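Every number in this text was worked out from the coordinates using simple rules, so none of it is lab data. The structure presented is a predicted model; accordingly, all values stated were derived computationally and were not measured. When we count neighbours, we look across all protein chains shown, and the Cβ atoms used for this are built from the backbone with ideal geometry, even at glycine.
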Amino acid sequence: MFISYEEFAARADIVRAQIAAACKQSGRDPATVELLAVTKTHPVTAADYAARYGLRAVGENRVQEALEKRPTCAAPTLSWELIGHLQSNKSKLAVQYFDRVQSVDSEKLLNHLDRAAAELGKVLPVLLQINAGNDPAKFGADLAAAPRLVELALAKKNLRIDGLMTIAPLGATPTEATAHAERTFANLRSLRDDLAARLGVPFRELSMGMSGDLVPAIAAGSTMVRVGSALYGLR
Ligand SMILES: *Cc1c(COP(=O)(O)O)cnc(C)c1O
């Protein structure tokens, strides 16, 4: 059985308190850090709960799953964001079913999404996913390749580049995980700051931090934490 709304709300209150505490620690306004509820693998009820709690958006990692769940969601104004790897042949479906794609990591995908958005008469908001922790197990453009990808993205008429996204490498121990997270998030932050200064575009969104590493992410400047297990339980 899936958790009750009351349990979800109690968990969300705890996550919001963690976000508020992390913001206080780094002198930030909690209103500058959005909580994205990651509903992957859970029933559509998970998305309904997020909307009822007042969250703006949910994150899904597979196109197929979102296209089954979204039409049955009771909250018409909820936004859906793709946070998982996207194959370019699914670009059109992604543009149809998602309000934003956070996992854009190649020139090929930029081309396909731009074309699909043009065909559907849309401007698609995107984030560029950067492998800021240099993790061979993760998707995302290499740090060295990121500036060129960002410049290519800016030239796409049917894409709007909101910012950057990353996932920190796993660690063998909690200490190692925290060290990886701090390094990864600092890398993404400085990449964004360099690009913003050089290109004169704010790239406001820094999507970084999950259930286990949202505190270091907020310290490094995250504007969106993507939280699944702390809200819905283990998958
Ligand atoms: C699953 C997932 C999350 C949420 O992870 P939790 O540890 O459950 O909070 C965040 N980001 C991405 C890209 C994910 O795939």
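If you plug each phi of segment 34-44 into the Karplus form 6.51 cos²θ - 1.76 cosθ + 1.60 with θ = phi - 60°, what whole-Hz ³J(HN,Hα) values come out, in order, with x for Gly and Pro?
8, 9, 9, 7, 8, 9, 3, 6, 9, x, 4
Around residue 211, with a cut-off of 12 angstrom between Cβ atoms, what is the net charge of the other residues, counting Lys and Arg +1 and Asp and Glu -1?
So the surrounding residues net to +2.
About its Cα centre, how strong a charge dipole does segment 5-227 have in debye, to the nearest 20, once Lys and Arg get +1 and Asp and Glu get -1 at the Cβ?
The calculation lands at about 480 debye.
By a straight-distance test (C-alpha under 17 Å), which aspartates and glutamates pair with residue 69 as possible cross-link partners, with residues fewer than eight away in the same chain excluded?
48, 60, 81, 99
So if R0 is 22 Å, what FRET efficiency would residue 172 and residue 142 give, r being the distance between their Cβ atoms, rounded to the nearest 0.05?
So the FRET efficiency works out to roughly 0.40.
With a cut-off of 15 Å, note down the residues of segment 113-140 whose backbone N falls inside the zone around a label point 7 Å from the Cα of residue 204 toward its beta carbon.
Within reach of a label on residue 204, which here means backbone N under 15 Å from a point 7 Å along Cα→Cβ, segment 113-140 contributes 125-127.
Just the projected area, averaged over all directions, of the convex hull on the alpha carbon atoms of segment 5-227: how many nm²?
So the Cα hull casts an average projection of 12.1 nm².
With point charges of +1 on the Cβ of Lys and Arg and -1 on the Cβ of Asp and Glu, referenced to the Cα centre of segment 142-235, which listed residue (161, 206, 229) lies farthest in the positive direction of the dipole?
Result: 161, furthest along the dipole toward the positive end.
I'd like the FRET efficiency for residue 74 and residue 20, computed as 1/(1 + (r/R0)^6) with the beta carbon distance as r and R0 of 25 Å, rounded to 0.05.
The pair residue 74/residue 20 has a calculated efficiency of 0.30.
Given points 7 Å out from each Cα along the Cα-Cβ axis, report the residue 183 to residue 108 separation in nanometres with one decimal.
For the pair residue 183/residue 108, the computed spacing is 2.9 nm.
With +1 on each Lys and Arg Cβ and -1 on each Asp and Glu Cβ, and nothing else charged, work out how big the dipole of segment 1-64 is about its Cα centre, in Debye to the nearest 20.
180
Full extension from residue 151 to residue 7: what is 0.36 nm times the residue separation minus their Cα-Cα distance, to one decimal in nm?
Between residue 151 and residue 7, full extension yields an extra 47.4 nm.
Residues with amide H under 5 Å of residue 160's amide H, sequence separation 5 or more or different chain, H placed in the peptide plane at 1.01 Å from N; which?
Placed amide hydrogens put 124, 126 under 5 Å from residue 160.
Report, by chain and number, residues whose modeled amide H sits under 5 Å from the one on residue 168, excluding near sequence neighbours (fewer than 5 apart, same chain).
The answer is 209.
List the lysines whose Cα sits under 16 Å from the Cα of residue 108, skipping any in the same chain fewer than 8 residues away.
Excluding near neighbours in sequence, the set is 90, 92, 156, 157.
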